[in-house]
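Here the structure comes first, spelled out in structure tokens, and everything after it is commentary.
FYI, it's all coordinate maths here, none of it is from the lab. For clarity, every value in this text was computed on a predicted model and none was experimentally measured.
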Amino acid sequence: MRTMIRDGMREAAIEGDHEPEPEPEPVPVEEPIETGRQQPDHPLAKITERTGRDPALLERWVSAIERKGQAVLVGPPGAGKSFLAHQLARHIVGGGDGFVQRLALHPGTTYEDFVQGYRPVLRKDGTTHWPLSRGRFYLFVEKALTRRGRCVLILEEMQRADVGTVLGELVHLLEARDEPMPLAAGEAPFVLPSNVRIIGTMSQADPRRPATDHVLRRRFAYLRVAPDPETLRRFHARTGFPVDGLLAVIARADALIRDPDRALGVSYFLRDDLADTIEDVWRFEVEPMLESLLADRPADAARLRWDAVRHRILG
């Protein structure tokens, strides 16, 4: 049945064209696998070890993704959303023959890029024709139809794109898995299979948050990824790095920023070699972010420069 659906979708994408559609560019897959090959298990305990996140909370998040089919990790920059999305995706596909693919959205992402549409192609004779070309999500779904296990698409930086326009009629298919629906172009209906999961990331500090935010909230589970001091404590319990001074400085920075959506994330400091790299991490990664967040208060930013906080952090 899936083979018939997949072949029908593919034939419709090129039907009516006298010239074959150019071979699409390779889709970037996070961990390429062969059809039928089983992915390794990635238990939640391993995610806790790598992120410091509470295992009970991780289990609830996975349940939300499974229940809804799609979720968005939301939080300030540096909270570890992208890394956590990949870890959760590996857990979801673990033990099955699925795959993980990542796609970064941006202001130039269109419906034609994501789903399908007529795109100009230059012929050898200099003329142009407009074949119906499959987009990244369409190609992802075609591949997912060949698998029995869960297949996860990670959508990075969702706030940067007009997601409602990019998704188009797929917004309705998120709640109607395995039900055919005609697309704006093409003959065969599109089917979103039940083995597809979508995990997005979204920064709440970005002023370009989508105008269709309410549409997403209706169809995506929203998982709040807040900077968690205990995450830092649990992570460095095994490295031996003393975090009390660092946490005090982070709390001071957040008090000066005065906006939880722009809080200083702890992902900067989730490093096994933090004892050796803390100065460079602070100078070259944290300070530029603080200068941006406190651009209207340079005196406060100066209070958080490395030379001003090193003794508090290192003790």
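Put simply, the amide H of Val225, placed in the peptide plane, has neighbours under 5 Å in Val74, Gly75, leaving out anything fewer than 5 places away on its chain. Taking the helices alone, the chain has a mean residue ellipticity at 222 nm of -11000 deg cm²/dmol, built from -39,500 (n - 2.57) per DSSP H run of at least 4 residues and averaged over all its residues.
Residues whose amide H lies under 5 Å from that of Tyr118, counting only those 5 or more places away or on a different chain, are Ser133; hydrogens are built 1.01 Å from N in the peptide plane. Using Cα-Cα distances under 8 Å and only pairs 6 or more residues apart, what relative contact order does region 229-314 have, in percent? Value for region 229-314: 35 percent.
Build a GNM of the chain with springs between Cα atoms under 10 Å apart, and of Ala71, Ala299, Ala85 the one that fluctuates most is Ala299. Using a cutoff of 8 angstrom between alpha carbon atoms and counting only pairs six or more residues apart, the relative contact order for region 167-291 works out to 17 percent.
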